[in-house]
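Remarks on the structure that follows.
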Amino acid sequence: MSEYHAPLAEMRFVMTELAGLEAIATLPGFEDATPDTVAAILEEAAKFAHGVLDPLNRVGDTGGARLSEDGHVTTPPGFRDAYREFCALGWNGLSKSVDIGGQGMPQLVAAAVDEMWNASNMAFELCPMLTSGAIEAIELNGSEELKRTYLPKMVSGEWTGTMNLTEPQAGSDLAAVRAKAVRHDDGSYRIFGSKIFITYGDHDYTDNVVHLVLARTPDAPPGTRGISLFVVPKFVVNADGSTGERNDVRCVSLEHKLGIHASPTAVLAFGDRGGAVGHLVGEENHGLEYMFVMMNLARFGVGMQGVGIADRAYQRATGYARDRVQGRVADAAKDAAVSGIIGHPDVRRMLMTMRANTEAGRALGYVTAAALDRAHRHPDADVRQRELAFAELMIPIVKGWNTEVAQQTAYLGVQVHGGMGFIEETGAAQYLRDARITTIYEGTTGIQANDLVGRKIARDGGAALAAAIADMRGVQRALTGAGAEPLEVIGTRLADGIDALDDAGRWIVANFAHDLRSVLAGAVPFLELAGIVCGGAQLGKSALAASRKLAAADGDATFLRAKIATARHFADHALTCAPGLRDVVVAGAPGVLALAEDQF
Ligand SMILES: Cc1cc2nc3c(=O)[nH]c(=O)nc-3n(C[C@H](O)[C@H](O)[C@H](O)COP(=O)(O)OP(=O)(O)OC[C@H]3O[C@@H](n4cnc5c(N)ncnc54)[C@H](O)[C@@H]3O)c2cc1C
């Protein structure tokens, strides 16, 4: 049975060599994030992931969350205790501000730690992830009273948070939200309506659950401009902060899902008994803006789910490939012993692809987290603005691409197991099932791709993309000029990839205004192209750093050589697809749009 071990050496390498941890620790407010403290945090998180969360992962899959006839939701055995221990150890508030009870660690550190929670037990991690987004939305937009009442208890984990957007007719299109909010004499509101698919919408971890709910006031304008955001607690909170009456919000059913069985996905009914008490966040009709803050963080978090699941699938597949003996390795002597399947070139191809995908996704995630840290804390306003533009460009890529490659990685994990991959006992199939949701919730890959080509590229005339491309060209020049074989090959492949991304990006900017349908027909292939090239550039940068360290005899030579080999594999197997994807983006629309709807 494979156990999860956090890849600490790799995590530290990416944080230091790619994401610039040491410089992050010099930013105001992050002085405590010294390399030693961060190393200690990662080690403690690795122990919790290994010892507590990983052993519960299969229990959660087989047991699942349950709704009793009297309306109580229970999570699988062990989850409630694990949650309490998680909070007691302070993990819930790791990256939250110290003034609301958090630890004040950078997003970069939280990204690495979240990866461990996702790898060991993604269904568990969803609860802290959504609470974190809800805290952020209240912290940035809520009144002082809302902050005082809710934030300390949500940061400590005493109360959890949810995100209530989706309704039966309003999924990707939130303009269709119908839930109603009626002003009450005392300044609060009464909320009515039904929300579906609400993650941890009810559970037994804590006494109170703080729902952040999108709803419309009666006189609100139609569409997205008429949506407001409300805090609706499961139990009304009294003036002294204690919990009072049960609010008029009820879990009426739990969904039966393909994966993440331990995470209760609830249908919530608001206002069946006179109206659920809600409190406005910020101003009326600005709810979607506020919710986007929460969604951005959640989208980044889902991208890290992709990395976590991919790494876990890789670890399990590697363990199996070492143990499973089948046939002789090609070219072996006739009398050679049968070997582990890890010796077969095709199995190695699968494992290397899994490894390279995971390392590329991790690098993209950590680099984006570090950009968010600089965007919030850097003393120079120009740097803050540049880093924010970069992070905003990357978030749909981290969400969209990392989760799409997580599917491929979990799929290969099953394939490496052969028939046993299809049998649940090995655990490989659970990753495939759990990973499947990551390309859907928090906005499907199609929605991420629309965001990328529209808001992140066309809107600024391709400026943020051009800045990212200029940085990548710097990496590529260092690789091609390195004078050493693997680095030069990586550099050549990266050069072709960057050219392809540049061409496709320019085509999008040139065509967005007058041929939107054609641009959107290629949006997902463009997202894939961007993920491959940005991921390939990060791995190229890793290879350069590894090669420098090898030359200086600084670090574990086996690990450093493997970094270079992994970057080479990604260059040969993924970056080579970039020119083809460019052609799909710029010339693939006619076929996509050729048939009339009734011809399908
Ligand atoms: C397990 C689970 C947990 C969830 N948790 C939460 C939660 O906590 N809170 C919450 O509010 N919601 C939650 N959701 C809902 C989730 O965010 C939505 O399911 C998701 O946004 C997609 O919406 P939809 O299901 O209505 O699909 P649809 O919007 O109907 O999409 C169907 C297909 O059409 C495509 N499509 C739709 N519009 C466009 C477009 N404009 N351009 C291109 N393609 C388009 C989509 O990409 C998709 O392929 C959860 C869902 C699940 C399954």
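Could you list, in sequence order, the residues of region 150-169 that are more than 10 Å from the ligand (Cβ to nearest atom) and over 12 Å from Thr206 (Cβ atoms)? Scanning region 150-169 gives Tyr150, Leu151, Pro152, Val155. Among the residues of region 476-494, those that are open to solvent by 20 Å² or more (accessible area, probe 1.4 Å) and of a type outside the set (Asp, Glu) comprise Gln476, Arg477, Ala478, Thr480, Gly481, Ala482, Gly483, Ala484, Pro486, Val489, Thr492, Arg493.
Among the residues of region 410-469, those that are assigned to a loop (DSSP other than H, G, I, E, B) and under 16 Å from the mean Cα position of the chain (by Cα) comprise Ile440, Tyr441, Glu442, Gly443, Thr444. Scanning region 246-299 for residues that are away from the ligand (no atom under 14 Å from the Cβ) and small (Gly, Ala, Ser), which turns out nearest to Glu145 (Cα to Cα)? Residue satisfying both the conditions and the ranking: Gly282.
Go through region 480-512 and report how many residues are not in a helix (DSSP H, G or I) and not hydrophobic (A, V, I, L, M, F, W, C).
Residues that pass the stated criteria total 2.
Which one is least open to solvent (accessible area, probe 1.4 Å), of the residues in region 1-20 that are within 18 Å of Leu372 (Cα to Cα) and more than 20 Å from the chain's Cα centre (by Cα)? Among them, the one singled out is Gly20.
When the residues of region 34-51 are narrowed to those that are part of a helix (DSSP H, G or I) and free of Cβ contacts under 8 Å to residues at least 40 places away in the same chain, which ends up farthest from the chain's Cα centre (by Cα)?
Kept after step one, since they are part of a helix (DSSP H, G or I), are these residues of region 34-51: 35-51.
Next, only the ones that are free of Cβ contacts under 8 Å to residues at least 40 places away in the same chain stay: 35-37, 39-40, 43, 47, 51.
Numbers: Pro35: 24, Asp36: 26, Thr37: 24, Ala39: 22, Ala40: 24, Glu43: 22, Lys47: 22, Gly51: 23 Å.
Checked region 34-51; the qualifying residue farthest from the chain's Cα centre (by Cα) is Asp36.
Remark: Ala321 falls outside the filter, which requires a residue to be free of Cβ contacts under 8 Å to residues at least 60 places away in the same chain and surrounded by fewer than 24 Cβ atoms within 10 Å (Cβ to Cβ).
Return the residue satisfying two criteria in turn: it lies in region 427-440 and is touching a residue at least 40 places away in the same chain (Cβ under 8 Å) and surrounded by fewer than 20 Cβ atoms within 10 Å (Cβ to Cβ), and of such residues it is farthest from the ligand (Cβ to nearest atom).
The qualifying residue farthest from the ligand (Cβ to nearest atom) is Arg433.
Within region 220-238, restricting attention to residues that are out of contact with any Ser or Thr (no Cβ under 8 Å at 6 or more places or on another chain) and open to solvent by 20 Å² or more (accessible area, probe 1.4 Å), the residue that is farthest from the ligand (Cβ to nearest atom) is Asn238. For region 444-468, a residue qualifies if it is away from the ligand (no atom under 16 Å from the Cβ) and open to solvent by 20 Å² or more (accessible area, probe 1.4 Å), and the qualifying residues are Arg459, Asp460, Gly461, Ala463, Ala466, Ala467.
Taking the criterion of being touching a helix residue (DSSP H, G or I) at 6+ places or on another chain (Cβ under 8 Å) and in a helix (DSSP H, G or I), would at least one residue in region 322-335 satisfy it? Scanning region 322-335 turns up at least one residue that is touching a helix residue (DSSP H, G or I) at 6+ places or on another chain (Cβ under 8 Å) and in a helix (DSSP H, G or I). Annotation note: of Leu254, Leu280, the sole residue that is closer than 29 Å to Leu388 by Cβ and either modelled with pLDDT of 95 or more or open to solvent by 40 Å² or more (accessible area, probe 1.4 Å) (or both) is Leu280. Taking first residues from region 146-175 that are under 27 Å from Ala82 (Cβ atoms) and partners that are away from the ligand (no atom under 16 Å from the Cβ) and of a type in the set (Lys, Arg), the Cβ contacts under 6 Å between residues at least 6 apart in sequence or on separate chains come to Val155/Lys96; Trp159/Lys153.
If you scan region 92-128, which residues turn out to be among the acidic types (Asp, Glu) and closer than 20 Å to Val14 by Cβ?
Our first condition is that a residue be among the acidic types (Asp, Glu); within region 92-128, this holds for 99, 114-115, 125.
Across region 92-128, the qualifying residues are Asp114, Glu115, Glu125.
Across region 566-597, the number of residues qualifying as part of a helix (DSSP H, G or I), among the small types (Gly, Ala, Ser) and open to solvent by 50 Å² or more (accessible area, probe 1.4 Å) comes to 2. Restricted to region 380-409, and to residues that are without any contact (Cβ under 8 Å) to a residue 12 or more places away in the chain, part of a helix (DSSP H, G or I) and among the charged types (D, E, K, R), which residue is surrounded by the fewest Cβ atoms within 10 Å (Cβ to Cβ)? The qualifying residue surrounded by the fewest Cβ atoms within 10 Å (Cβ to Cβ) is Asp382. For region 527-559, how many residues meet the condition of being surrounded by fewer than 22 Cβ atoms within 10 Å (Cβ to Cβ) and part of a helix (DSSP H, G or I)? Matching residues across region 527-559 total 10. Annotation note: Cβ proximity below 7 Å between a residue of region 184-212 that is aromatic (Phe, Trp, Tyr) and within 16 Å of the ligand (Cβ to nearest atom) and a residue that is at pLDDT 95 or above and open to solvent by 30 Å² or more (accessible area, probe 1.4 Å) (sequence gap 6+ or interchain) occurs for Phe197/Thr166; Phe197/Glu255; Tyr205/Arg80.
Evaluate region 79-98: report whether one residue or more is open to solvent by 20 Å² or more (accessible area, probe 1.4 Å), touching a strand residue (DSSP E or B) at 6+ places or on another chain (Cβ under 9 Å), of a type in the set (A, V, I, L, M, F, W, C) and not in a helix (DSSP H, G or I). No, region 79-98 contains no residue that is open to solvent by 20 Å² or more (accessible area, probe 1.4 Å), touching a strand residue (DSSP E or B) at 6+ places or on another chain (Cβ under 9 Å), of a type in the set (A, V, I, L, M, F, W, C) and not in a helix (DSSP H, G or I).
The values are calculated or read from the model by the stated rules, or taken from the named source; none is laboratory data. Since this is a predicted model, take the numbers as computed values, not measurements. Note that each Cβ is placed from the backbone with ideal geometry, even for glycine, and that neighbours are counted across all protein chains shown. Just so you know, the surface numbers come from the protein's heavy atoms only, side chains and all, with ligands and any DNA or RNA stripped out. Shrake-Rupley method; radii C 1.70, N 1.55, O 1.52, S 1.80 Å.
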